[in-house]
1. For region B:306-364, what size does the Cα cloud have along each of its three principal axes, sorted from largest down, in whole Å?
2. List, shortest first and in nm to one decimal, how far the label point of B:Thr299 (7 Å from Cα along Cα→Cβ) is from its counterparts in the other copies.
3. Rounded if a/c is under 1.5, else prolate if a/b is larger than b/c, else oblate: which is region B:82-196, with a ≥ b ≥ c the root eigenvalues of its Cα gyration tensor?
4. 5 Å is the cut-off here: which amide hydrogens, built 1.01 Å from N in the peptide plane, fall below it relative to A:Ser329, excluding neighbours closer than 5 in sequence?
5. Tell me the Rg and the Dmax, in Å, that the Cα atoms of chain A produce.
6. Put the label 7 Å from Cα along Cα→Cβ for B:Val402; what are its distances to the other copies, in nanometres, shortest first?
7. Could you work out, residue by residue across A:181-190, how many beta carbons of other chains sit within 10 Å of that residue's beta carbon, and then give the average as an integer?
8. Measure nothing fancy, just the Cα-based angle from helix B:417-427's long axis to the longest principal axis of chain B, in degrees from 0 to 90, nearest 10.
There are 2 protein chains.
Amino acid sequence: MLRKLLIPIVLGVLSVSPALADKVTTFTLPNGLEAVVIEDHRAPVVTHMMWYKIGSADEPRGKSGIAHFLEHLMFKGTKTVAPGAFSATVEAQGGDDNAFTYYDYTAYFQRVATDRLDLMMTMEADRMRGLILSEDNVTTERAVIIEERAQRTDSDPSALFGEQRRAAQYLNHPYGTPVIGWKHEAEALTREDALSFYRTYYAPNNAVLVVAGDVNPDEVRAMAEAHYGPIAPTPGLGERHRVTEPPQLAERRLAMTDPRVAQPYVIRSYLAPERNAGAQEKAAALTVLAELLGGNSTTSLLARALQFGDAPKAIYTSAYYDGLSLDISDFGFVAIPTPDTSLADLEAAVDGVLADFLKNGVDQTAFDRIKRQLRADEIYARDNVDGLARDYGSALTSGLTVADVQAWPDILQAVTPEDVLQAARDVLNRNNAVTGWLERPDAPKVEVTQ
Amino acid sequence: MLRKLLIPIVLGVLSVSPALADKVTTFTLPNGLEAVVIEDHRAPVVTHMMWYKIGSADEPRGKSGIAHFLEHLMFKGTKTVAPGAFSATVEAQGGDDNAFTYYDYTAYFQRVATDRLDLMMTMEADRMRGLILSEDNVTTERAVIIEERAQRTDSDPSALFGEQRRAAQYLNHPYGTPVIGWKHEAEALTREDALSFYRTYYAPNNAVLVVAGDVNPDEVRAMAEAHYGPIAPTPGLGERHRVTEPPQLAERRLAMTDPRVAQPYVIRSYLAPERNAGAQEKAAALTVLAELLGGNSTTSLLARALQFGDAPKAIYTSAYYDGLSLDISDFGFVAIPTPDTSLADLEAAVDGVLADFLKNGVDQTAFDRIKRQLRADEIYARDNVDGLARDYGSALTSGLTVADVQAWPDILQAVTPEDVLQAARDVLNRNNAVTGWLERPDAPKVEVTQ
């Protein structure tokens, strides 16, 4: 079982949502279930995804990790499906399945031959309300998620550092709590915690069905009505509201040392606006800004200045931004020093690049290149129907609409150099920032040559 | 009206709880109301306090400030007492009254001639369950608390800085949220928020009555039974449980600049254990440690090294610790530089003093002097019956018992130099620390002379 916990991206690749309006159909069932059908008839396969508008940032205080824990427990069976039989059935049908949890959503998906879609809907509808949890199942699976945390986080200084940095980034908002949960809280999660969360939030009026592949929208709708239509919604489920940040008035700085550190680095994150329905322009400008400063290119500003100049200070640089978030997001950079560069020197050098950029503005050649690349990414993305399904599912559970997803490529293309510069001026506010240094404790003292 | 919001002590005076076992009587009513009677017959006056085991750290997420807001609203009247009439009545009787809110408790008190005690209990019992709130009252008083915040916090860079530092100190625990509330949340508090909080937590089984002064315990008990006895408890009110901290793995550092800063300073706080029922020894050792390092004396280690040496670097130094807390507390120091000392130099100098202390251990002469001073403080404190009442009320709403309060002076006296050194080794862990610099933006660059 490869169920995955999405880890906040710090070294990530830019994800671009494509416009594919002509092959996307939507409908909503009377019980509130939203559905998106993406047609792709190149091969007789289909991806069936159920996205719930519930993530770790919706957890009750002190119950961190319950969204992810419940994701695991969703494979523990119902009246008609034995524990573990869900994935075994998918596999026996020649398919594969998986699930993932993030701050704003939890999703389950199966990829199967098209003629198995009905079976997938049967099983997914069955576990939307029919989950049966024994105390034994809960005890066993809790050990599994604690082990998952041990592997992914507790044994990885960079992951631990990420948790500490995010906790410092958010003074109030639950995005400061790790998706997998603080260890001491995850260890104390109970069957009742999971069932309470499940009963409230796993409901057709809190879910988005995405079906992508070799399907006919009318047939998908009929099938969805048959399987999901009879499921009662959770009454009184209001808007999602999380607490918001107070003004941040001072940069937070963290330095962590750990003997297990493979590569030291400096990382800084700034609070940044997210993509909002009907208002994605700032997020688009920040997306281009991240590419200009530190995209996957040897020609980014940071790479040229710090990696490929006369006296390289970095062996890796990157800028990152992911605007897909229900609430506030962050913009940041990361840089790994050359062996003879201190993190202090490297940070100062990055700040020099940022200052030069704010002073000199956008290089038109680089800007045009990035625009072309973004357009190409969009076109290539159309070939990946699973990626499209994820784009729609994550967007619709993060406060966006199908129209927003489809408008995004054109909004990206409409960004001007002035937009990018203004976005940089707005977001590069040190008061909203957390700067982190991760090093080995035996980091040698560096002689700085003048 | 002088209702006060307790502000976290950073430049505070050490508070010592006295033993006065011979004049303290306790009882508990069948409805759960705990009571403490402290006799002091020197003058025909009495202090009547009602302490609720509910403070800002018990607030629902996103409703910060509701405990303090409700404290204000408690003066808005009942069926028998008109809005504002509570304090007017106390004043007309020649007394005064007040209230205060902190992380772990909310308290109301009146100081009156002894023969008015019955009237005070009548009115306090009346508003424990009988509060009537109009929307107008709520709207008006919300403007008052926002103005209070504007005066105390938003116009004071040191107070704002304190909020940012506390938010960085606690990665999970609600002690990171300001007692007065984040402004944007306090502005949104409603009548229903206040009433919901009130109905649940203002109850005899969540309160401690403290009566101190020229009273007879039997008479106080009879009077309390008459006035408070008939009040129904809140059913199902369980133990107070707050979320706890995950491991803190990296010091957080904050530097804030503000043109309104009168005195720059460096401040560092470390997470520290609190006084626990039956286990106050570590807190006692930290109390002595704070005195040794930076107590109110020109002979503290920090003062001697940084203020009164050959080349003074500080015009003020202090170490602080307050063990009276339901959950985890903090230990810290603050230092204000001389005009020609940078905060970096000052911080390094403080760290030098701490390192020397850890290496050289406790100076026996200073240790003996502090022990004598703590004993003297205790004896003087007996003369302040209001202070005694506060000691018992705050202790009993912070997880301690009457026996703990009475044992505290002897536990302080039993602290050994080895205890202090061990406490210092345990608590001075930079991973658990937040270090803050507060400066004016025009702070001149300092030439450091070698």
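1. 41, 27, 18 Å, listed from the longest principal axis down.
2. Here the equivalent label points are 7.4 nm apart from this one.
3. Numbers: a/c = 2.15, a/b = 1.80, b/c = 1.20.
Verdict is prolate for region B:82-196.
4. So A:Ser329 has HN proximity to A:Ala272, A:Glu274.
5. 22.9, 74
6. Label-point separations across copies, in nm and ascending: 7.1.
7. Numbers: counts 1, 7, 2, 6, 4, 0, 0, 1, 0, 0.
Whole-number average of other-chain Cβ neighbours for A:181-190 is 2.
8. Once rounded, one gets 90 degrees.
Each reported figure results from applying straightforward, stated rules to the coordinates on display, with no laboratory input. Just so it is clear, the structure is predicted and the values come from calculations on it, not from any experiment. Reconstructed Cβ throughout: ideal geometry from the backbone, glycine too, with neighbour counts over all protein chains shown.
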